[in-house]
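All of the numbers you see were taken from the coordinates with simple rules; none came from a lab. All values reported here derive from a predicted model rather than from experimental measurement. Cβ sites come from the backbone with ideal geometry, for glycine too, and all protein chains shown count toward neighbours.
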Amino acid sequence: MMMNLFEIFDPTTSMNFSLNWISSILIFIILPLNFWIIPSRFEMLFILISKIIFFEFKNLTKKKYKMNILIFFSLMTFIALSNFMGLFPYIFTPTSHMSFNLIIALSSWLSFFIYSWWNKPMMMLIHLVPLNTPTTLMNFMVMIELISNIIRPFTLAIRLTANMIAGHLLLTLLGTFISKFLILLPFTIIIQNMLMILEIAVSMIQAYVFSILSLLYFLESKN
């Protein structure tokens, strides 16, 4: 019996040792096997979508930063597959936890931040004061811009966590509702299928948003 609604985000697999976080490693175990078989229609569709997203990233970056796109594209693929695998029954969703998302966001943002302040300190100071800022507001704007830069990894992690939690909670509440009111079973199943399609779209869109914002932060640190 589920005593707390949020227990779905941290199911217990063992009394002594939890194996939940191994689900984030399954992607690296499953994907390499696809290189040794004939590509299926699903894999061809995945390659087509990957090319479209790759060119989307490519249009945002300068020519000298083209190789850096692979980092953000790999990040998007990892987050999208983690989100998508979490929709299957009895599979732990690591991206619904703030600690997991914050590690990814903080590690990428901190590398850009330290590199920029170490190599281009004057350029980073210039970014803290927007163009045509009045002299009386300069000190205030520096504080605002600095705070906005510091909270960037937290906003990335909170956005991804909140979207994953909201969708899973809706699916769980509808599943509980079906078990109590069997008369409305056809109606609730239709709604749950629509929510499932929405969750698949959200899992892909949130991975794209996370990676595209990380790419924009990277490009801002290079300017």
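General remarks:
- Approximating the spin labels as points 7 Å out from Cα along Cα→Cβ, the I189-to-W21 distance works out to 4.0 nm.
- Within the chain, helices built from complete DSSP H runs that reach 30 Å or longer along their own axis (Cα positions) and carry a mean Kyte-Doolittle hydropathy of -0.5 or higher are 98-119, 152-180, 185-222.
- Cα point-scatterer Debye curve for the range 22-222, base-10 log of I(q)/I(0) at q = 0.16, 0.17, 0.19 Å⁻¹: -1.12, -1.20, -1.36
- Here the sum of -39500 (n - 2.57) over DSSP H runs of 4 or more residues, divided by the residues of the chain, equals -23000 deg cm²/dmol at 222 nm, to the nearest 500.
- Applying a DSSP loop filter and a limit of 12 other Cβ atoms within 10 Å to the chymotrypsin sites (Phe, Trp or Tyr not before Pro) in the range 156-207 leaves F181.
- Mean separation of Cα contacts under 8 Å (6+ apart) over length of the range 22-222, as relative contact order %: 31
- Dipole magnitude (debye, nearest 20) for the chain, charges at Cβ of Lys, Arg, Asp, Glu: 760
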